[in-house]
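S.K.: Following this message is one structure expressed as structure tokens.
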Amino acid sequence: MAKLYFRYGAMGSSKSANAIMVQYNYHERGQKALLVKPGIDQRDGAKIVGSRCGLSAPCILMEELDCINYREYNCIVVDEAQFLTKAQVQRLVEIVDDDGIPVVCYGLRADFRGELFEGSQWLLAWADTIEEVKTVCWCGKKAIWNARISDGRVLKEGEQIVLGGNESYTALCRKHWREGNLGPQKGQ
């Protein structure tokens, strides 16, 4: 039976690398997995999923999913799923339930303020399986906050979506996010 999976984690928890590896594992077993991301994410190129560790793979945009024959795939893997809309998550639910194709989504649970993204909210509500991909704060505790940083400071206000990588975000434990403490390597 096909399922909708939501695998979430803080920035730097290897979500994109895991998405690429799931696609590779299907390929290695003679099956096809379609890698997808929302069109808003252009950081690695319009149709590339890239990870901080250097892995990358071609993908299609979520907005193109219904323009191709996705039914020829054994699995659909979605990266940056926090940027999905409610309607796009609903479409993934239909693919799982009506077409019997498993869908594995990777994304952030919450933004830099601790508020849910639209895609994450609906994946948390509708996914069959929810799993955390863990990473650690500079102090060694579990990191659950995606701290937006600027000029050596943790920002707590601003627009929800500002695309960026290590120069703009870091994963922190709740305590260090609350304190705005970036640790010894990041200016405090």
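S.K.: Restricting the range 17-50 to residues that are open to solvent by 80 Å² or more (accessible area, probe 1.4 Å) and of a type in the set (Lys, Arg), which is modelled with the lowest pLDDT?
M.R.: Step by step, filter the range 17-50, then rank; the result is Arg43.
S.K.: Hey, another quick one. Consider Glu131 against the criteria (1) outside any strand (DSSP E or B); (2) closer than 27 Å to Ile48 by Cβ: it satisfies all of them except one. Which criterion is unmet?
M.R.: Failed condition: (1).
S.K.: Look at the range 134-160 and say how many of its residues are surrounded by fewer than 17 Cβ atoms within 10 Å (Cβ to Cβ), touching a Phe, Trp or Tyr at 6+ places or on another chain (Cβ under 8 Å) and among the aliphatic types (A, V, I, L, M).
M.R.: 1
S.K.: Another question about this same structure. Suppose the filter is out of contact with any Cys (no Cβ under 6 Å at 6 or more places or on another chain), in contact (Cβ under 8 Å) with a residue 12 or more places away in the chain and assigned to a strand (DSSP E or B); does Val104 pass it?
M.R.: yes
S.K.: Is it fair to say Ser150 is free of Cβ contacts under 8 Å to residues at least 40 places away in the same chain and either among the acidic types (Asp, Glu) or more than 20 Å from Ala33 (Cα to Cα) (or both)?
M.R.: yes
The values are calculated or read from the model by the stated rules, or taken from the named source; none is laboratory data. Please read all numbers here as calculations on a predicted model, not as lab measurements. All Cβ positions, glycine included, derive from the backbone under ideal geometry; neighbour counts span all protein chains shown. Remember, those area values only see protein heavy atoms, side chains included, never the ligands or the DNA or RNA. Shrake-Rupley method; radii C 1.70, N 1.55, O 1.52, S 1.80 Å.
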